[in-house]
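Asks: One structure, as structure tokens, below. Some questions next.
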Amino acid sequence: MHKHLVRALAALPILACIGLYAQSTAGGPAYILGSLQLSHQTSSGHFINSSTRLDVRGTPLIDLVSKAYDTPILLIVGIDPKVAESRYDIVASYRPKPGEAVSSHELLRNLLAEQFHITAHKENRNVAAYAMTVAPGGIRFFPSVVQSARIDSDDRSFAGYGVAMNFVATDLSDTMHAVVIDRTALSGRYNLNFAWQPGSDRSANIAAIRQAVEQQLGLELEPTEAPVEALVIDHVELAQR
């Protein structure tokens, strides 16, 4: 599945190069690595990425990159499919200083830079997408007081706790195998969940998700075409552990 997705975007036109990610953030927060090893699992186990803990089992490297840069797998290019699909078990932790607000995405980015020597930049590309907007009847979920985000999702359900809407769009992009753009104009963090009956093919599955999102969340997913940021991997190495 990842091989097809990684290659699918490669032919899309480049509009502009807009930024370069450093290999690591000098002086920035970083997880303390407990263990990292290649996994023999053929499917993903659990994935916990918070401001204090990273615990992933059987997770493909492409998924780690997606979470670290908050970029759908569909929009990650330039990485060899075999490298992208290599799976890892990783345990790491971080203890924030008193009053410190730290991003789990930054912690994971720095870990990937240290262990996989990843460098990357972003480019604008025109793609077919789904615009996520608030339906006329309004949203059917509530703000969250939780400051650390957690998402539990699979091929038939989604549950988010303390999540920003751009995180929801990223997860939906990977679930639908189609780019979802957040145009809700909703700020802050929310608790929301919904479920659907998976379709027999990609089109039917997208239709089921769109219906569930509208009926259960009060959001709409409408087809559009728009420039989006793709993450281009310039360099990556398999971790030697």
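Each reported figure results from applying straightforward, stated rules to the coordinates on display, with no laboratory input. Bear in mind the structure is a predicted one, so any value in this text is a computation, not a measurement. Methodologically, a virtual Cβ is constructed for each residue, glycine included, from the backbone with ideal geometry; neighbour enumeration extends over all protein chains shown.
Asks: Taking the Cα centre of the chain as the origin and placing charges on Cβ (Lys, Arg +1; Asp, Glu -1), which of His235, Leu36, Leu217 is farthest toward the positive end of the dipole?
Replies: In the chain, that residue is Leu36.
Asks: Restricting attention to the alpha-carbon atoms of the stretch 125-226, what are Rg (one decimal) and Dmax (integer), both in Å?
Replies: Here Rg and the maximum Cα pair distance are 12.8, 38 Å.
Asks: What is the list of residues in the stretch 53-94 whose amide nitrogen lies under 15 Å from a point 7 angstrom out from the Cα of Arg202, following Cα to Cβ?
Replies: Of the residues in the stretch 53-94, 73-76 have backbone N under 15 Å from the label point off Arg202.
Asks: Right, next: Across the chain, what fraction of all alpha-carbon pairs, as a whole percent, falls in each successive 5 Å bin from zero upward?
Replies: Pair shares across the bins are 1, 6, 13, 18, 19, 18, 14, 8, 2, 0, 0.
Asks: Next question. Given the options Gly162, Gly78, Gly138, state which has the largest fluctuation in a GNM of the chain using a 10 Å cut-off (strictly under) for Cα springs.
Replies: Of Gly162, Gly78, Gly138, the most mobile in the Gaussian network model is Gly138.
Asks: May I pose another question? Summing +1 for each Lys or Arg and -1 for each Asp or Glu, what net charge is found among the other residues whose Cβ lies under 11 Å from the Cβ of Thr170? Walk me through the numbers before you get to the answer.
Replies: Values: positive: Lys67; negative: Asp70, Asp171, Asp174, Asp182.
Net local charge, Thr170 excluded: -3.
Asks: How much FRET efficiency would the formula 1/(1 + (r/R0)^6) give for Glu237 and His105, where r is the Cβ-Cβ distance and R0 is 25 Å, rounded to 0.05? Provide the component values of the computation, followed by the final result.
Replies: On the way: r = 21 Å, r/R0 = 0.84.
That gives a FRET efficiency of 0.75.
Asks: Mind giving me the FRET efficiency for Val83 and Ser50? R0 is 22 Å, r the Cβ-Cβ distance, nearest 0.05 is fine.
Replies: Working: r = 26 Å, r/R0 = 1.18.
Between Val83 and Ser50 the formula returns 0.25.
Asks: So if each residue of separation counts as 0.36 nm, and I subtract the Cα-Cα distance between Gln216 and Asn124, what length gain in nm does that give?
Replies: Full extension of this stretch gives 29.9 nm more.
Asks: Quick one: length gained pulling Lys97 to Gln37 fully straight, 0.36 nm per residue minus the C-alpha distance?
Replies: On the way: separation 60, 0.36 × 60 = 21.60 nm, distance 2.83 nm.
The span from Lys97 to Gln37 would gain 18.8 nm if fully extended.
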